[in-house]
Amino acid sequence: MSDMNLQRFSIKGHVFNVDDPQLQDALAQVHGTSFERPCCLCVPGGIEMYVAHHRRLVLKRMPDTGSLHHPGCPSYEPELQQSGLGELVGEAVLESELGTVELRVDFPWTRSTGQGVPRGEPQHASEVEVPRRRMSLRALMHFLFERAGFNRWSPAMEGKRNQGVLHKYLQEAAETCH
């Protein structure tokens with residue numbers, strides 16, 4: 001199956017290629033509606049997607065459907081157990097709404113100089129709490145590289161993965177997290 005066949009979408013009964021100039025108009029017709037979802041046609045029968053607005057309208061895969069797409073499809077994602085994120089999803093990686101992710105990390109998001117850790121008498125806990133899993137800095141970088149699409153090869157990116165390009169796409173991936 002060619003890459004072009006993996007980037008075809010069905011919207012309101014019409015089929016569009018990813019580079020079709022009328023795709024944006026078709027996406028605008030279904031943006032914000034949940035009763036008529038576009039479908040990715042990378043596999044027979046298609047897989048429902050949703051429309052998001054990131055400077056322009058884009059198709060995004062529905063949560064937990066990445067493994068249903070064809071492995072050559074840009075929306076494909078291996079099952080969580082295979083990617084290493086499986087043990088963090090639900091505890092350190094929380095999808096709060098479509099397209100937004102809350103990350104819990106084991107390091108401070110910001111640093112202030114001159115402030116030490118408050119010290120005091122140890123408190124005796126009356127209840128036992130199981131600590132939630134949190135992402136390390138390394139796990140966060142793996143997560144962002146995956147979200148930015150740098151975990152897969154694309155012929156269009158050959159020779160173009162420089163520091164500026166990495167920064168741009170990693171920044172865009174980070175904007176969907178809080």
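The accessible-area ordering, largest first, of the residues 49, 141, 157 stands as 141, 157, 49, per a 1.4 angstrom probe. Summing charges over all other residues whose Cβ lies under 10 Å from the Cβ of residue 51, with Lys and Arg as +1 and Asp and Glu as -1, gives +2. For segment 7-12, putting each phi into the Karplus relation 6.51 cos²θ - 1.76 cosθ + 1.60 with θ = phi - 60° gives couplings of 10, 10, 9, 9, 10, 6 Hz, in residue order, rounded to whole numbers and with x for Gly and Pro. Annotation: peptides 10-19, 64-73, ranked by per-residue average of other Cβ atoms within 10 Å with the highest first, follow the order 64-73, 10-19. Were the residues from residue 43 through residue 156 laid out at 0.36 nm apart, the gain over their Cα-Cα distance would be 38.4 nm.
Net charge in the neighbourhood of residue 66 (other residues with Cβ under 11 Å of its Cβ; Lys, Arg +1, Asp, Glu -1) is -2.
Figure the gain on full extension for residue 57 and residue 100 (residue separation times 0.36 nm, minus the Cα-Cα span) and round it to one decimal in nm.
Between residue 57 and residue 100, full extension yields an extra 13.9 nm.
The values are calculated or read from the model by the stated rules, or taken from the named source; none is laboratory data. Every value quoted in this text rests on a predicted model; they were computed, and no experiment measured them. Cβ coordinates were reconstructed from backbone atoms using ideal geometry, including for glycine residues, and neighbour counts include every protein chain displayed. Just so you know, the surface numbers come from the protein's heavy atoms only, side chains and all, with ligands and any DNA or RNA stripped out. Shrake-Rupley method; radii C 1.70, N 1.55, O 1.52, S 1.80 Å.
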